[in-house]
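*Asks:* Would you mind keeping the following structure in view while I ask a few things?
The values are calculated or read from the model by the stated rules, or taken from the named source; none is laboratory data. What you see is a predicted model; the values in this text were computed from it and never measured. FYI the Cβ positions are ideal-geometry reconstructions off the backbone, even for glycines, and counts take in every protein chain you see.
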Amino acid sequence: MSYSFKNIVLVLLAGFPFLCFGQSLDTLSLESLIEMSERRSIIGEEAKFDLENAGFNFSIYKAGLKPQINGTAKLPNYAKTSSEIVQPDGTVLFRPVTNNNSSIGLQAIQNISSTGGAVFLESNLQRFDNFESNEKFYNGSPVRLGIYQPLFAFNNLKWDKKLEPMKFNEAKKKYNVDMEQIKIDASGLFFNLLIANEDLNIAVSNKAGNQSLFDIAQERFDLGKISESDLMALRLELISATRNKKRAEQAVQFASAQLYTFLGLNYDNQMIVPRSPEVNKDIVVDAKFALDQAIKNRFEINAQFRALLEADRDIAEAKGNGGLNADLTASIGLARGSQNLSDIYTDPKQEQFVSLSLNIPIVDWGRYKNQVALSKAKKGFIQKQITQDRLQLETNIKQVVQQFQSLQEELKLVEELKALAQERFEITKKSYLLSAISITDLTLAQREKDQAVREYISTLSLFWTNYYTLQMMTVYDFEKQEEIRH
């Protein structure tokens, strides 16, 4: 199947779920459930939303690094009122005022991440209309180039340049982990269904087998070859098998409903028939390699580095905001005021501005010192927490790897036990039909067979849950021997 054709099939399955679940005879594999879960489950949708949200935030950050162009206008700015006019001798007279003071402007600003300042280029024009004297005046700057530069202050732009890419990379890694969590959740629901379905198969088989044995026993009882007690024992087993069949059917329906809900689909009493997954029991997992992959691929490791960097940022901010602060603003350009608009653009005059403002703390009662000390203390705690988290991660990886290796061996054993229990039951059944053993021995062999099947399915469930947990913790596919990227 080509890649494109496979995608088409998956889309059709997503759009028409009855193709998979429409009839009770349809089967569902663990692999196909995981594929649908990644597309349809609310967990997958939430993971995609978080990644998209992080992408938008990163795009907003990158947009802020580019020049920003803004236009301003105050049109009209009309006033008809009475206003105080200060006279040369200092007295105040109130005069009627009727004017319009309009303005327009265009400004481009480029932030400088390395220094925390900004370069700006602007042009503006102002018109003043005095309706009382029927006069008009213009004032404008065709071009003005300037710079704004904080001195000694905390530079937030420099730290954002380091932190924002880390946040986005962390979000991408978290998305991979979240999508792996879907496999764990889906496999849990799948094996709940598989166990319930296997119980149903056992119950159906036992009911049919017990019915056949009871019919034979009834004939033997009529001929006086077995006791009424043996006949009643078989009757009890038949009733128990019938009851177990009804309970197993309800369990399958409940597990099927859970799967439909997980996929966001309406449930209409359909019974899904799961297909037991095949297992590669020869997967080799090295604990050290698994730990290396976890350190490389887990988003928490990125979060730890980011937390340390944010702690350094907080220290720098505490130092920058508590000491001497100075702001330098300077600009050069062309400007002029005139009653003729053309004069502003044909014969402008040179313009220069330089401004330096200072803020010098004299007494702060230890506020600056304590803020710096607090920021350093927080960094020290973060470093200790990271060390503890690394130790816990290493311990968890080793435990999961050991459990996986143990389950590989255990799966081989329970598979062999299941085959032996089935074979023993068949032999015991034939012996009973030949009247060589009692009904008690037959019942015991049947229960051992059923228990062996349940233990196999239970171990199979643990195997796959552990394997997907290992994949989630390392974001690595040990079967395909490649990193997982969604």
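*Asks:* Has region 416-429 got at least one residue that is within 30 Å of GLN293 (Cβ to Cβ), more than 25 Å from the chain's Cα centre (by Cα) and of a type outside the set (Lys, Arg)?
*Replies:* no
Per-residue answers, yes or no, for (1) in contact with a Cys (Cβ under 6 Å, 6 or more places away or on another chain); (2) exposed (fewer than 12 other Cβ atoms within 10 Å of the Cβ); (3) free of Cβ contacts under 8 Å to residues at least 60 places away in the same chain:
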| residue | (1), (2), (3) |
| --- | --- |
| ALA54 | no, no, no |
| ALA63 | no, yes, yes |
| LYS66 | no, yes, yes |
| LYS80 | no, yes, yes |
| GLN87 | no, yes, yes |
| LEU93 | no, yes, yes |
| PRO96 | no, yes, yes |
| ASN99 | no, no, yes |
| GLN107 | no, no, yes |
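*Asks:* For ASP129, work out the one condition from (1) closer than 30 Å to GLN107 by Cα; (2) acidic (Asp, Glu); (3) out of contact with any helix residue (DSSP H, G or I) (no Cβ under 7 Å at 6 or more places or on another chain); (4) part of a helix (DSSP H, G or I) it doesn't fulfil.
*Replies:* (4)
*Asks:* Would you confirm, using the coordinates I've provided, whether ILE344 is in the same structural domain as LEU470 (by TED's automatic domain parsing), part of a helix (DSSP H, G or I), in contact (Cβ under 8 Å) with a residue 60 or more places away in the chain and not aromatic (Phe, Trp, Tyr)?
*Replies:* No; evaluated as a whole, the condition is false for this residue.
*Asks:* Can I ask one more? Given the criteria surrounded by 15 or more Cβ atoms within 10 Å (Cβ to Cβ) and over 17 Å from LYS429 (Cα atoms), does LEU234 qualify?
*Replies:* no
*Asks:* Any idea which of (1) part of a loop (DSSP other than H, G, I, E, B); (2) touching a strand residue (DSSP E or B) at 6+ places or on another chain (Cβ under 6 Å) is the one SER114 doesn't satisfy?
*Replies:* For SER114, the failing item is (2).
*Asks:* Next up: Being crowded, with 20+ Cβ neighbours inside 10 Å and of a type in the set (Gly, Ala, Ser) is the filter; apply it to region 172-203 and report the residue that is farthest from the chain's Cα centre (by Cα).
*Replies:* If we take residues in region 172-203 being crowded, with 20+ Cβ neighbours inside 10 Å and of a type in the set (Gly, Ala, Ser), then ALA203 is farthest from the chain's Cα centre (by Cα).
*Asks:* Within region 240-268, can you find the residues that are among the polar types (S, T, N, Q) and within 24 Å of ARG39 (Cβ to Cβ)?
*Replies:* SER256, GLN258, THR261, ASN266
*Asks:* Still on this structure, please answer the following. Only one of ARG447, ARG454 is surrounded by fewer than 19 Cβ atoms within 10 Å (Cβ to Cβ) and without any contact (Cβ under 8 Å) to a residue 24 or more places away in the chain; which?
*Replies:* Result of the check over ARG447, ARG454: ARG447.
*Asks:* Still on this structure: Quick check on GLU249: is it buried (at least 19 other Cβ atoms within 10 Å of the Cβ) and either within 30 Å of THR440 (Cβ to Cβ) or acidic (Asp, Glu) (or both)?
*Replies:* Taking the combined requirement at face value, the residue does not satisfy it.
*Asks:* Please work out if THR474 is surrounded by fewer than 20 Cβ atoms within 10 Å (Cβ to Cβ), in contact (Cβ under 8 Å) with a residue 40 or more places away in the chain and either closer than 21 Å to LEU413 by Cα or in the same structural domain as GLU300 (by TED's automatic domain parsing) (or both).
*Replies:* no
*Asks:* Residues ALA436, ALA419: which one is in a helix (DSSP H, G or I), surrounded by fewer than 19 Cβ atoms within 10 Å (Cβ to Cβ) and of a type in the set (Gly, Ala, Ser)?
*Replies:* After applying the criteria, what remains is ALA419.
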